Amino acid sequence: MTRATHTMKSILRTAVVFVVSVATLAVAALVGLPARPAAAAATPLTVVAVGDSYASGEGAMGAGWTNAACHRSSLAGPANAAGLLNGVRSTSFTSLACTGATTASLIGSGGQLSALPSGPIDALTMSIGGNDIGFAGIVSTCMLPPPSDCTGLDPAVTSSITTTLPPLLDGVLAAVPSTVSNVFVTEYPDSTTGLFGLRCGNPLSPSSLGMEGVMVNEAEWASTRVIAPLNAALAAAVTRANALPRPRPQFHFVTGISARYASHGYCAGFTLAFWNGFSPRFVNTPIDSLASQSDIFGTMHPNAMGQAATGAALFDAMRFLLDPARVSASTPSLPVAGVPTPITVTVTNTAGRPLPGAVVAFDGVTAGVTDPTGTLSTTWTFNAAGNRTVTADLNPYSVGSATIAVTASKYTINSSPAPIPLGTLPQLTLSATDSATNQLVAGTFTVSSRSGTFTVSSGGSVANVTISDTRQTTRVCEPNEWDKWVCGVHTIVTCPTIYFVPALPAYNPADASYLITCTESA
């Protein structure tokens, strides 16, 4: 083995590993996450990062490593996550992540989990698994020029992902102590596409800057046969961990990372295809790594933009840790379904400070955005009665909600003839009318009697119908005061029924059987 080959393989040993990160306030604009003023003092959050090189910050050295041995960077995703959280709620942060870590690096007496700070931990970000399946060897083989073809590794890789890795992941997740409230395990990013999502290595998205040896079929294989099943294995491990007996942490599998990397892979940016410059790459090529950290250990690791994109997905998953936006809604009178109602919604933080720019929705339908006073005044028509939900969404606060009680619209029911007699009728008309507007309420009447069942549309008529009761006669014997049995005939009468079902949910269904002249006693 040549020195160059040995160096490249050792570099690529940590080429693709699990990422858990959130963009810093400095790069928040890149992913559309505005920094917000801190809310009132609340119990501080504690965030700890464990895992491998993607969590430590390999590839995004910035001004220098905060821990040279582990290649930890202040630009690492978990550190940025703590910064965003701290913008709303006081947050402490500790990183134990180290480049090259495997599942074995996290457990045991010398593992990262054994070094967790004492006391409750609100969020543990975990990035692990890639090194366990030999991803470095996969990447190094793929980078070799033809006739080398890394797709020949498929049987071994599949066996590693489906057989070897699951119990290793189970062991790590089971080892997380119950002092941790939430564990955030993130998916691997798929870095194999360029502009417009074209697979790297094809003629329209050629690779360069040290990645020329990865052919399009190898990139396709890495995406579909390595990254996708690896993410599926991680998701399954999270599901199994959540089934463990309590007390235990709540485990979260963070998705949306690969989606954010689409069109921003290693062949994007200014490479051989100049048009790829319209889609910057989120990962380092060997040349990028040399330029940014004076070695090539950052190859296939996120750069600052990649950390920001990964962080955006993780931050979305962590927002529930933050104080929610507080929502209040007021109306001048009890809202009625189907009737326009003036509503004023006020959104504040926990200190009562107004939150402008919050997106307000009623039952999931956007109604508008709060003004500089944190208020939205609008008129809204609720389609159905009951407790309706009002939500306010404003990054980085978690979504706040309130309820509004809505009553059903009132209506009256009429018949012709009125009341409805038993027997054969030449014509029967039934209608429902809105009590407030006097407009016809659409719907269907169902009339059931011993003579059969028929329906009538509201406002409609039916001719030559028979409506009759049902009579059942039974012989009943009871003792009298002298203990003599007295028998007689008892008749039970079942009256016809009329049931109205409105066409619109603003009106509640109603039993209109009172329209019929019938008594249940005989």
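The values are calculated or read from the model by the stated rules, or taken from the named source; none is laboratory data. Predicted model, so just to flag it, every value in this text is computed and none were measured. Note that each Cβ is placed from the backbone with ideal geometry, even for glycine, and that neighbours are counted across all protein chains shown. Remember, those area values only see protein heavy atoms, side chains included, never the ligands or the DNA or RNA. Shrake-Rupley method; radii C 1.70, N 1.55, O 1.52, S 1.80 Å.
So the values come out like this:
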read-out: Surrounding net charge for residue 107, when Lys and Arg each add one and Asp and Glu each subtract one, Cβ distance under 15 Å; value: -3
read-out: Cα gyration tensor shape of the stretch 150-210, rounded if a/c is under 1.5, else prolate or oblate by comparing a/b with b/c; value: oblate
read-out: Cα centroid separation - the stretch 197-233 against the stretch 81-102, whole Å; value: 31
read-out: Computed magnitude of the charge dipole of the stretch 46-200 (debye, nearest 20; Cβ of K, R +1, Cβ of D, E -1); value: 380
read-out: Antiparallel bridges, percent of DSSP beta bridges restricted to the chain (to nearest 5); value: 75
read-out: Whole-number accessible area per residue in Å² for the stretch 213-303, which is evaluated in the context of all protein chains at 1.4 Å; value: 40
read-out: Rounded if a/c under 1.5, otherwise prolate or oblate - the stretch 104-246, Cα gyration tensor axes; value: prolate
read-out: Accessible surface, per residue, of the stretch 316-380 when the full set of protein chains is kept, probe 1.4 Å, Å²; value: 45
read-out: Cα-projected label distance for residue 493 with residue 353, points at 7 Å along beta-carbon direction, nm; value: 7.3
read-out: Taking the stretch 323-423 and dividing mean pair separation by its residue count, relative contact order in percent (alpha carbons under 8 Å, at least six apart); value: 31
read-out: Correct choice for Rg and Dmax of the Cα atoms in Å that was computed from the model, options [x] 26.9, 105; [y] 26.4, 90; [z] 34.0, 117; value: [z]
read-out: Neighbour net charge for residue 329 - beta-carbon separation under 13 angstrom, K R +1, D E -1; value: +1
read-out: Label point at residue 292 placed 7 Å out along Cα→Cβ; residues across the stretch 127-143 whose backbone nitrogen lies under 20 Å; value: 127-128, 130-131, 136, 139-140, 143
read-out: In nm, spacing of pseudo-spin labels at residue 236 and residue 412 (7 Å Cα→C-beta vector); value: 6.6
read-out: Assigned charges on the beta-carbon of Lys, Arg, Asp, Glu; the stretch 349-459 dipole about Cα centre (debye); value: 280
read-out: Under 20 Å from the residue 243 label point (7 Å along Cα→beta-carbon), backbone N, the stretch 141-177; value: 161-176
read-out: Heavy-atom accessible area ranking, 1.4 Å probe, most first, across 487, 70; value: 487, 70
read-out: Solvent-accessible area of residue 326 with every protein chain in place, 1.4 Å probe, in Å² to the nearest 10; value: 130
read-out: Segment residue 387-residue 159, length gained on full extension (0.36 nm per residue, minus Cα span); value: 76.9 nm
read-out: Positive-end residue of 385, 359, 375, charge dipole of the stretch 258-404 with Cβ unit charges; value: 385
read-out: Amide hydrogen neighbours beyond the local backbone of residue 127, cut-off 5 Å, H modeled; value: 50, 51, 52
read-out: Nearest-10 value in Å² for the accessible area of residue 143, using the 1.4 Å probe; value: 20
read-out: Nearest-10 value in Å² for the accessible area of residue 212, using the 1.4 Å probe; value: 90
read-out: Sequence-separation-based contact order of the chain, relative, with Cα cut under 8 Å and 6+ spacing, percent; value: 12
read-out: Helical contribution to [θ] at 222 nm, DSSP H n ≥ 4, -39,500 (n - 2.57), averaged over the chain, rounded to 500; value: -5500 deg cm²/dmol
read-out: Neighbour net charge for residue 218 - beta-carbon separation under 14 angstrom, K R +1, D E -1; value: -3
read-out: Point-charge dipole on Cβ atoms (K/R +1, D/E -1) for the chain, about Cα centre, debye to 20; value: 400
read-out: Three-way shape label, the stretch 60-140, alpha-carbon gyration tensor, a/c 1.5; value: oblate
read-out: 13 Å reach of a label modelled at residue 439, 7 Å along Cα-to-Cβ, counting backbone N of the stretch 319-343; value: 338-340
read-out: Among 166-177, 79-90, the order from most to least packed when residues are scored by Cβ within 10 Å on average; value: 79-90, 166-177
read-out: Spacing of the two label points (7 Å from each Cα toward its C-beta) at residue 109 and residue 478, in nm; value: 8.6
read-out: Longest segment of the chain lacking chymotrypsin sites (Phe, Trp or Tyr not before Pro) that sit in a DSSP loop with at most 15 other Cβ atoms within 10 Å; value: 1-269
